[in-house]
Amino acid sequence: MLKENFAMEVLAPVGNTEMLYAAVRSGANAVYLGAKSFNARRNADNFEIYDLKEAVEYCHIRGVKVYLTLNILISDGEMKDAVGLAADAYNIGIDGVIIADLGLARILREKLPLLPLHASTQMTVCHKDSLYFLKELGFSRVVAAREMSKAELNELCATAKELNIEVEVFVHGALCMCLSGQCLLSALLGGRSGNRGLCAGPCRLPFSDRKGNDYVLSLKDLSLLQHIDELSKMGVTSLKIEGRMKRSEYVAAAVSAFRSMVDTGSVPEEYEKCLKDVFSRSGFTDGYFTEKRSKEMFGIRTKEDAGDAKGAYPFLHELIRHERQSVGISISAVIKENEPVTLTLCDNENTVTVTGELPEKAINRPLTKEAAAQNLSKLGSTPYFAEKQEIIIDDGITVRASALNEMRRKACELLSLKRAEIKRERVTVCLSAQYLNPPKTEKELWVRVNSPCLLPDDLSGISAVLLPIEADHDLLRLYGKVLLIAELPRAGLYGNELKEKLEKAKKSGFTAALVQNSAQLKAVTDVGLTPIGGNGLNVFSSHTLSTLKSFGINTAVLSPELRAEQINRLNSEVKTVLFAYGRLPLMITRNCPAALSGCKDCKGDRVITDRMGISFPVKCRSGYSELFCDRPIWLGDRTDEFNVDALLLYFTFEEGNETERVIKAYKNGEKNSGEYTRGMYYRGVE
């Protein structure tokens, strides 16, 4: 029998009530679940608000915390309802909310200051410097990116301890190929956005490389079961299991295995076998944690894998059939002659007392202290177990066993009611309306190129030039003519290494930097460059723009998942930039999808091909690989339909003549005769 409050929290995924019972009965300290909207697993059954209230009560009685997932990007039109849902969850006793949207985070910090905020893995926290940004936003916990190594997690935990922030780490379940929060593949291919909770999982389809290796975007499931001691020594607070779209048997297998490892340092053989059988993609991987990134990390779900699952179900069903006694209580009973029997239960925070009948004179066998204690500790159908007992009883008297049973049952019910009580004041939240933006009369033209030599000789009409920070550039002819912006990669460049490159860039003539990740902001401001928000920050609403402004970011690139009409309703003092031309970066990965063929002859860019024969370029940068769209966005003939301050022309694979042609076409508002896409600006995403 276990006590509440373990050294590390085992956090279980819950997509429906059946999974909830499986998680709690298997030993989860906490669960995370979604309401019917605004969560990253919108295809799970999820919970209506009244079901959510019952779930919170069920968990709190059993000493289990409940975290609500509000972990998608929120548009202006949805913000009022999202904040309202958070307020409703707060009022029914939720223990925290998991947030992916910067705008929503800022509002909840202001409107619900006592509600714990957890930074979702969708916020792409890959480095310790993100914690300074998140601390200022009011976050008390951060979910680390799955791609972090042991050394990187150790640094993150050390900084988190200094800032009094908890660290939550995924220890089991599906691995996305892309850094969470940075994937546009499902949105662009089918209109179902992972950043909005409806990822169609296209990475599990057969993409192949140039040597015929297939499924190069499908990774095995993660499992860090054998690394729990290392995570504990780092100071990790919570061990998170992925799987809100899986079955209750999967939850039972995963929670039981990690519960055993946390409590005893080992896992029974049958638990570990069940964990593998119930769901895997031909085994598991710990490649990111151990820095053994290789082809061994890739895998798919086979028929054999699916067949193994059925054999594990009977054992798991038996495992979760009964109530788990995990809440220790003290039991006190006073049985005195001529006085009603009293029974008191206490869980260290809540105390309840019930009164029974008068004892009777014993004719044959008086009730002993030992017999009374044995009766009152029969708590098998409850979540409680007797941690301590104190029985005071007079000699020569007795009490009917059925009467003691009824007192015990009633006292347990009262204690459960006490434990389920919401011990916070009810709040109401009002959100002020956002007003329409005045029309922008002129738009600046921003150009991103790999090298200044790809720019046209005539720079008239170009207001800003973005250049990758890691390249060497001759900027002499650009001085004083355009705003020079150092483009930072979406991942892989942080801390002192980033600061050194920024200082060099500043000396070279750069005056601003495109910040793609919250961890980069500190270095940019420390060096004294002007920070500009990149599309890696997922700017999806006026509220996000306002949040960035509070951190000194007065210009930002908008999310390419916004529809034109949403863009035109944005209201902020922040200058807005539209990704108006170029191949959208669809993924950024720490395990190169083209590396299965080897990197020996790679010059930094390759292609992978889908089942329809469409090729997607891959380019490596700063230790990560980016997968780009097969064709560029073209809005040259429709830029007047967007109420933004600047148009960004993003050149990646184009040669010099093509760059000059596109710039000229955008200046003149021309159509494109080649292959192109309008992106998601008109059809939108779900």
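The values are calculated or read from the model by the stated rules, or taken from the named source; none is laboratory data. All values derive from a computational prediction rather than experimental measurement. Positions of Cβ are backbone-derived with ideal geometry, glycine not excepted, and every protein chain shown enters the neighbour counts.
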Which residues, taken from the stretch 628-641, are crowded, with 19+ Cβ neighbours inside 10 Å, free of Cβ contacts under 8 Å to residues at least 60 places away in the same chain and either touching a Gly at 6+ places or on another chain (Cβ under 7 Å) or over 30 Å from Arg293 (Cα atoms) (or both)? Pro632, Trp634, Leu635, Gly636
Just give me the residues in the stretch 195-244 being at pLDDT below 95 and farther than 30 Å from Gly613 by Cα, in sequence order. Gly243, Arg244
Take the residues in the stretch 271-317 that are in a loop (DSSP other than H, G, I, E, B) and basic (Lys, Arg); name whichever of them is surrounded by the fewest Cβ atoms within 10 Å (Cβ to Cβ). Lys292
Output the residues belonging to the stretch 507-522 that are in contact (Cβ under 8 Å) with a residue 40 or more places away in the chain and in contact with a Gly (Cβ under 7 Å, 6 or more places away or on another chain). Leu514, Asn517
Does at least one position in the stretch 647-659 carry a residue that is over 30 Å from Ser550 (Cα atoms), part of a strand (DSSP E or B) and either in contact with a Phe, Trp or Tyr (Cβ under 9 Å, 6 or more places away or on another chain) or without any contact (Cβ under 8 Å) to a residue 60 or more places away in the chain (or both)? no
If you check Thr609 against the conditions, is it of a type in the set (Val, Ile, Thr), over 24 Å from Asn450 (Cα atoms) and touching a residue at least 24 places away in the same chain (Cβ under 8 Å)? yes
Is it the case that Arg204 is of a type in the set (Lys, Arg) and out of contact with any strand residue (DSSP E or B) (no Cβ under 9 Å at 6 or more places or on another chain)? yes
Only listed residue being at pLDDT 95 or above, closer than 30 Å to Asp88 by Cβ and touching a strand residue (DSSP E or B) at 6+ places or on another chain (Cβ under 6 Å), chosen from Leu414, Leu445, Leu483: Leu414
What do you reckon, is Gly307 on the phi > 0 side of the Ramachandran plot and out of contact with any helix residue (DSSP H, G or I) (no Cβ under 7 Å at 6 or more places or on another chain)? no
Return the pairs, sorted by first residue and then second, in which the second residue is at pLDDT 95 or above, the first residue lies in the stretch 488-506 and is outside the structural domain of Gly533 (by TED's automatic domain parsing), the beta carbons are less than 7 Å apart, and the residues are 6+ apart or on different chains. none
Is it true that Leu217 is more than 23 Å from Ser120 (Cβ to Cβ), outside the structural domain of Ser37 (by TED's automatic domain parsing) and crowded, with 20+ Cβ neighbours inside 10 Å? no
Go through the stretch 582-607 and give me each residue that's closer than 21 Å to Pro202 by Cα, modelled with pLDDT of 95 or more and not in a loop (DSSP other than H, G, I, E, B). Pro585, Leu586, Met587, Ile588, Thr589
Does Phe642 satisfy the condition of being touching a Lys or Arg at 6+ places or on another chain (Cβ under 9 Å) and closer than 23 Å to Val482 by Cβ? yes
Reported set for the stretch 572-627 where residues are surrounded by fewer than 16 Cβ atoms within 10 Å (Cβ to Cβ), on the phi > 0 side of the Ramachandran plot and over 27 Å from the mean Cα position of the chain (by Cα) is Gly598, Gly604, Gly613
When restricted to Glu9, Glu78, the only residue surrounded by fewer than 23 Cβ atoms within 10 Å (Cβ to Cβ), over 18 Å from the mean Cα position of the chain (by Cα) and either closer than 27 Å to Arg426 by Cβ or charged (D, E, K, R) (or both) is Glu78
His473 vs (1) free of Cβ contacts under 8 Å to residues at least 40 places away in the same chain; (2) assigned by TED's automatic domain parsing to the domain that holds Ser508; (3) surrounded by fewer than 20 Cβ atoms within 10 Å (Cβ to Cβ); (4) farther than 23 Å from Gly536 by Cα: all pass except (3)
Filter the stretch 374-421 for residues that are in contact (Cβ under 8 Å) with a residue 12 or more places away in the chain, outside any loop (DSSP other than H, G, I, E, B) and among the polar types (S, T, N, Q); which is farthest from Asn364 (Cα to Cα)? Ser416
Could you tell me whether any residue of the stretch 444-466 is farther than 30 Å from Leu488 by Cβ and in a loop (DSSP other than H, G, I, E, B)? no
Residue count, the stretch 503-559, condition out of contact with any Pro (no Cβ under 7 Å at 6 or more places or on another chain), more than 25 Å from Arg477 (Cβ to Cβ) and assigned to a helix (DSSP H, G or I), comes to 17
